[in-house]
1. Looking at segment 133-143, is at least one residue within 22 Å of residue 35 (Cβ to Cβ) and at pLDDT 95 or above?
2. Take the residues in segment 113-126 that are within 16 Å of residue 46 (Cα to Cα) and assigned to a helix (DSSP H, G or I), then tell me which one is farthest from the ligand (Cβ to nearest atom).
3. In the list 168, 136, 76, which residue meets the criterion of being more than 30 Å from residue 19 (Cα to Cα) and not in a helix (DSSP H, G or I)?
4. Are any residues in segment 82-97 modelled with pLDDT under 95 and either farther than 29 Å from residue 168 by Cβ or within 12 Å of the ligand (Cβ to nearest atom) (or both), and if so, which ones?
5. If residue 76 passes every condition in (1) at positive phi; (2) within 14 Å of the chain's Cα centre (by Cα) but one, which one does it miss?
6. Look at residue 25 and say whether it is within 12 Å of the ligand (Cβ to nearest atom) and in a helix (DSSP H, G or I).
7. Can you tell me which condition residue 59 does not meet? The list is (1) surrounded by 17 or more Cβ atoms within 10 Å (Cβ to Cβ); (2) within 16 Å of the ligand (Cβ to nearest atom); (3) not in a loop (DSSP other than H, G, I, E, B), and all the others hold.
8. For segment 35-56, how many residues are under 14 Å from residue 86 (Cα atoms), part of a loop (DSSP other than H, G, I, E, B) and more than 11 Å from the ligand (Cβ to nearest atom)?
Ligand code: SF4
């Protein structure tokens, strides 16, 4: 364990910005590591960056992001109160589905983001994100049902982008987001947040984990 070194979310995001562990590094314009409150109670995990995200380096920067903001607002949560990221940190060409090799290459970054931020709730958007935590369960059966994963509550919902193409899904998204209100206290004291921050910045990880 002599090769342990401290890491922070900021350092992790910098590591992601230089990543070339899968072929998406060749076609991306910008990496999209994630953004938001590093002490958030709620983490949102989508699938992969799209065109707007690839241009800006920000997750959920386009129309799907506007709908996500609306869904969060419907339960009284500001985007700045949560941390938003994706399974993949680089855009698949033409927004195709993520490939398993890409998911496997990128997954350690998400695992570290979860370890550092220590959310109490993770909202998974879409089937790829949900299957990272609970493989083999169809999202159509799982959506809106809270499950426990390593002490974290997982709330699976449809991806907002799906509701842009199929407006019939929007009422289901609004309904599922209502579950969040019973899972968190969005006015929790900052003392707890400070404690989480201290824990996160002291976390030590294997040197060279990302090489
Ligand atoms: S998708 Fe993930 S693993 Fe692939 S190059 Fe981007 S950051 Fe690295």
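The values are calculated or read from the model by the stated rules, or taken from the named source; none is laboratory data. Keep in mind that what you see is a predicted model, and the values were worked out from it rather than measured. For neighbour counting, all protein chains shown are included, and Cβ atoms are generated from backbone atoms with ideal geometry for every residue, glycine included.
1. yes
2. Here the residue is 114.
3. Values: 168 fails: not in a helix (DSSP H, G or I); 136 fails: more than 30 Å from residue 19 (Cα to Cα).
The match here is 76.
4. Matches in segment 82-97: none.
5. (2)
6. Judged against the criteria, residue 25 is a match.
7. Here residue 59 meets the rest and fails (3).
8. Number satisfying all stated conditions: 2.
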